[in-house]
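Report on the structure given below.
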Amino acid sequence: MYDRVHAALEACYREAVSRGFLPETPLPSAHQIVPSKQTEHGDFASNLALTLAPVLKRPPRSIAETLKDLLTNDPLFERVDVAGPGFINFFVSRDAWAQQAASIHAHGDQYGESQEGEGKRVLVEFVSANPTGPLHVGHGRGAAVGDSLARILKAAGYRVETEYYINDVGNQMRTLGASVYLRYQEILGRTIDFPADYYQGDYIRDIANKILAEQGERYLDVPQEECLPYFTSEAVREISKGIRKDLEDFDVSFDSWFSEARLHEEGIVEQTIRELRDSGHIYEQDGALWFRTTAFGDEKDRVVRRSNGVLTYFAADMAYHRHKLERGYDILVDIWGADHHGYVPRISAVVQALGHDNNRLRVLLVQFVSLIEGGIAKGMSTRSGEFVTLRAVLDDVGPDAARFFFLMRKADSHLDFDLDLARKQGQENPVYYVQYAHARLASVARNAQEAGYLPLVPENVDVGRLSGADDIALIKLLDAFPRTVAESARAMEPHRVTFYLTELASFFHGYYTRSRFIGDDPDLTRARLLLAEATRRVIRKGLGLLGVSAPTHM
RNA sequence: GCGCCCGUAGCUCAGCCGGAUAGAGCGCCGGACUUCGAAUCCGUAGGUCGGGGGUUCGAAUCCCUCCGGGCGCACCA
């Protein structure tokens, strides 16, 4: 409907120009049509006259009146008003809204999708937790945001792939293997000195026990240096297995898993350094190699290879982003924990130094999660090792509540995750509130089926009967769905879909209390069942974009 | 000290590329089940949008400044 109003206004503007009522001038970029907040202001409002006024040097109300006179003949509108300082308010006719229900219904399961993304290729990289321990709630939020964003981008017409980058190289791997080795020794009765900066979690002991069960005591007297590769690879294998299982149970999947080791093995890191050195972006100083990131606005230059010859993590990151760019994506989305925000300028520098436009990189920063139980925050500081795992939350509240809660806030803001609320199975819990709307609609469908109304034959449904204020209001909400998804994709903000669904469910529950779908009037019943079916599909589709199930029974 | 993010109802937060009378959920209080699912609905109360200044027809939204909170500032990963 938005598009139709926009088209009508534009056509009217062109007509005003051609008839000499208004001088020729391009539409101001500040011009926009927005849904009206108040019913007195109609369905949509345009600020065209306001934005045109300074250019044309004419009072905005006078411009608005000129346009209004040309719009009043359009049958799409019941009325067009000029209001306030010069807004043009559009009152779409009831019949046009009612007919919109048929159009929404006709789109079936595709309703909500759009071509906003114009087929652009996007790589969404997220989670990418080091295989040195289980996923915690912070990763869980990143997983929910990344996976949901990918689904939303797809629905909005982007060609999307998802990827998990595995940091399986470097000192941390050594530390991981050594941690398991020491625990293995400890279990077998040796006195050990376990360093504070080694991995403290119980899962390290579990892995040591597993090795003991499978391999026995054969490594007891083998020097650490000799069997470290074995302990490391076993640990990575076990931990990765756990991470994959957690993600699978969270309904998060990746198109590819990209190993950092591969960047080194295939010489991509060295090649990237050479290339950037040749182009003058990397220089040598004090025996180390530096990337001149300050040339692109970073605070200071960054070391790529230390004077002792060891490559930094940044070196691999550089190579990884180069590799991603060369795979031909139009947009790279990196989803990081907000504590990494200081790394944005240097990665941005990499993209630019390689000759790419800076806006091909989009970094989403996901803020930390505080788990609240009994009104107080559960500890999750990493230094004490007392962080709460994603697994624990999944086992506690279930994947649907977890995903919904992770997506209730803008990714950029702190999230207080209320465990007590997430566990509740009542109206206070927003995820059940939305799911219940779906289950209710499914129940209506079952009753309609029994009464012989289903399946509907759309051609035989008189949607013109959907003329009540509630019917129209519900249609308007459904009408906003594709724009919500498109906007959510454009802004890369999945939480908008969560808010939309809560609003839709809220209105639906009220509608359900006030109006009957199945009543004495067969024609009205059929029209409302068509509306019910459209509503149910929107809720199911919306929940699907969040990765939340849409139950038919609860 | 420098940089980034955040201060909106009792609590948790939307709204922020400037638009008309600032919203939601939770919590509190009071109502509604003989008819499609009460995991629901209806109603009441609740605000100097952190303070101050600026930009303009118009500021929660943009700019400056101050206050308060979070995070980051390695030849670490």
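The values are calculated or read from the model by the stated rules, or taken from the named source; none is laboratory data. Predicted model only: the values in this text are computed from it and were never measured. For neighbour counting, all protein chains shown are included, and Cβ atoms are generated from backbone atoms with ideal geometry for every residue, glycine included. These area figures cover heavy atoms from the full protein model, side chains too; ligands, DNA and RNA do not enter into them. Shrake-Rupley method; radii C 1.70, N 1.55, O 1.52, S 1.80 Å.
Residue pairs, Cβ under 8 Å, 6 or more apart or interchain, first in region A:527-550 and in a loop (DSSP other than H, G, I, E, B), second among the acidic types (D, E). List them.
So the pair list comes out as A:G547/A:D147; A:G547/A:D251; A:V548/A:D400; A:S549/A:D400.
Has region A:10-18 got any residue that is under 35 Å from the mean Cα position of the chain (by Cα) and open to solvent by 10 Å² or more (accessible area, probe 1.4 Å)?
First pass over region A:10-18, keeping only residues under 35 Å from the mean Cα position of the chain (by Cα): A:10.
Right, trim to open to solvent by 10 Å² or more (accessible area, probe 1.4 Å) and you get A:10.
Yes: one or more hits.
Go through region A:499-517 and give me each residue that's surrounded by 18 or more Cβ atoms within 10 Å (Cβ to Cβ) and either of a type in the set (D, E) or farther than 18 Å from A:Y432 by Cβ (or both).
A:Y511, A:F517
Return the total of residues in region A:236-290 being free of Cβ contacts under 8 Å to residues at least 24 places away in the same chain and either assigned to a loop (DSSP other than H, G, I, E, B) or under 30 Å from the mean Cα position of the chain (by Cα) (or both).
Number satisfying all stated conditions: 11.
Scan region A:331-372 residue by residue and report those that are more than 19 Å from A:A315 (Cβ to Cβ) and among the charged types (D, E, K, R).
A:D339, A:D357, A:R360, A:R362
Tell me, please, whether a residue that is touching a residue at least 40 places away in the same chain (Cβ under 8 Å), more than 10 Å from RNA strand B (Cβ to nearest atom), of a type in the set (V, I, T) and more than 21 Å from A:A155 (Cα to Cα) can be found in region A:460-468.
Taking region A:460-468 first, the residues touching a residue at least 40 places away in the same chain (Cβ under 8 Å) are A:460-468.
Right, trim to more than 10 Å from RNA strand B (Cβ to nearest atom) and you get A:460-468.
If we keep only those that are of a type in the set (V, I, T) too, we end up with A:461, A:463.
Remaining after also requiring more than 21 Å from A:A155 (Cα to Cα): A:461, A:463.
Taking every residue of region A:460-468 in turn, at least one turns out to be touching a residue at least 40 places away in the same chain (Cβ under 8 Å), more than 10 Å from RNA strand B (Cβ to nearest atom), of a type in the set (V, I, T) and more than 21 Å from A:A155 (Cα to Cα).
Just the residues that are near RNA strand B (Cβ under 8 Å from one of its atoms), in contact (Cβ under 8 Å) with a residue 24 or more places away in the chain and among the small types (G, A, S), please, taken from region A:338-362.
Result: A:A338, single match.
Restricting to region A:422-456, count the residues that are of a type in the set (D, E), in a helix (DSSP H, G or I) and within 26 Å of the chain's Cα centre (by Cα).
Narrowing region A:422-456 to residues of a type in the set (D, E): A:428, A:450.
Checking which are in a helix (DSSP H, G or I) leaves us with A:450.
Right, trim to within 26 Å of the chain's Cα centre (by Cα) and you get none.
The qualifying residues number 0.
Here's a check for you: in region A:32-57, which residue that is more than 9 Å from RNA strand B (Cβ to nearest atom) and under 31 Å from the mean Cα position of the chain (by Cα) is nearest to A:T484 (Cα to Cα)?
Filtering region A:32-57 for residues that are more than 9 Å from RNA strand B (Cβ to nearest atom) and under 31 Å from the mean Cα position of the chain (by Cα), the one nearest to A:T484 (Cα to Cα) comes out as A:P35.
Of the numbered conditions (1) β-branched (V, I, T); (2) open to solvent by 20 Å² or more (accessible area, probe 1.4 Å); (3) not in a strand (DSSP E or B), A:V82 satisfies every one except a single condition; which is it?
(3)
Sort out which residues of region A:457-512 are farther than 30 Å from A:V366 by Cα and assigned to a loop (DSSP other than H, G, I, E, B), and write them in order of number.
So the first thing to find is which residues in region A:457-512 are farther than 30 Å from A:V366 by Cα, and the list is A:457-476, A:479, A:507-512.
Scanning region A:457-512 gives A:V457, A:V461, A:D462, A:L466, A:S467, A:G468.
Is it the case that A:L419 is within 15 Å of RNA strand B (Cβ to nearest atom), modelled with pLDDT under 95 and in contact with a strand residue (DSSP E or B) (Cβ under 7 Å, 6 or more places away or on another chain)? Reasoning before the result, please.
Numbers: within 15 Å of RNA strand B (Cβ to nearest atom): yes; modelled with pLDDT under 95: yes; in contact with a strand residue (DSSP E or B) (Cβ under 7 Å, 6 or more places away or on another chain): yes.
Yes; evaluated as a whole, the condition is true for this residue.
Can you pull out the residues in region A:294-342 that are under 16 Å from A:R277 (Cβ atoms), in a helix (DSSP H, G or I) and not hydrophobic (A, V, I, L, M, F, W, C)?
Scanning region A:294-342 gives a single hit, A:R322.
Restricting the first residue to region A:28-40 and requiring it to be in a loop (DSSP other than H, G, I, E, B), which pairs with a second residue that is among the hydroxyl-bearing types (S, T, Y) meet a Cβ separation below 6 Å and a spacing of at least six or different chains?
Pairs that qualify, where the first residue is in a loop (DSSP other than H, G, I, E, B) and the partner is among the hydroxyl-bearing types (S, T, Y), are A:P28/A:T51; A:A30/A:T51; A:H31/A:T51.
Of everything in region A:85-132 that's among the charged types (D, E, K, R) and part of a strand (DSSP E or B), which residue is farthest from A:G177 (Cα to Cα)?
Applying the first criterion (among the charged types (D, E, K, R)) to region A:85-132 yields A:94-95, A:109, A:113, A:116, A:118, A:120-121, A:125.
With the extra rule that they be part of a strand (DSSP E or B), the set shrinks to A:113, A:121, A:125.
Numbers: A:E113: 47, A:R121: 38, A:E125: 27 Å.
Per the stated criteria, the residue is A:E113.
Which residue out of A:P75, A:P60 is open to solvent by 20 Å² or more (accessible area, probe 1.4 Å) and within 9 Å of RNA strand B (Cβ to nearest atom)?
Of A:P75, A:P60, the one residue that is open to solvent by 20 Å² or more (accessible area, probe 1.4 Å) and within 9 Å of RNA strand B (Cβ to nearest atom) is A:P60.
I'm trying to understand the selection: among the residues of region A:201-235, which are in contact with a helix residue (DSSP H, G or I) (Cβ under 7 Å, 6 or more places away or on another chain) and of a type in the set (V, I, T)?
A:I204, A:I207, A:I211, A:T232
I'm checking my understanding of the structure. Among residues of region A:312-338 that are surrounded by fewer than 21 Cβ atoms within 10 Å (Cβ to Cβ) and of a type in the set (A, V, I, L, M), which one is farthest from A:R360 (Cα to Cα)?
That would be A:A338.
Within region A:118-130, can you find the residues that are surrounded by fewer than 22 Cβ atoms within 10 Å (Cβ to Cβ) and either charged (D, E, K, R) or over 28 Å from A:K245 (Cα atoms) (or both)?
A:E118, A:G119, A:K120, A:R121
Among the residues in region A:279-287, are any among the small types (G, A, S), more than 23 Å from A:P345 (Cβ to Cβ) and modelled with pLDDT of 95 or more? Lay out the reasoning, then the answer.
The initial filter retains those residues of region A:279-287 that are among the small types (G, A, S), namely A:279-280, A:287.
Of the ones still in play, those that are also more than 23 Å from A:P345 (Cβ to Cβ) are A:287.
After this cut, where a residue has to be modelled with pLDDT of 95 or more as well, the list is none.
Scanning region A:279-287 turns up no residue that is among the small types (G, A, S), more than 23 Å from A:P345 (Cβ to Cβ) and modelled with pLDDT of 95 or more.
If you go through region A:162-184 one residue at a time, how many are modelled with pLDDT of 95 or more and either out of contact with any Phe, Trp or Tyr (no Cβ under 8 Å at 6 or more places or on another chain) or of a type in the set (K, R) (or both)?
Residues that pass the stated criteria total 1.
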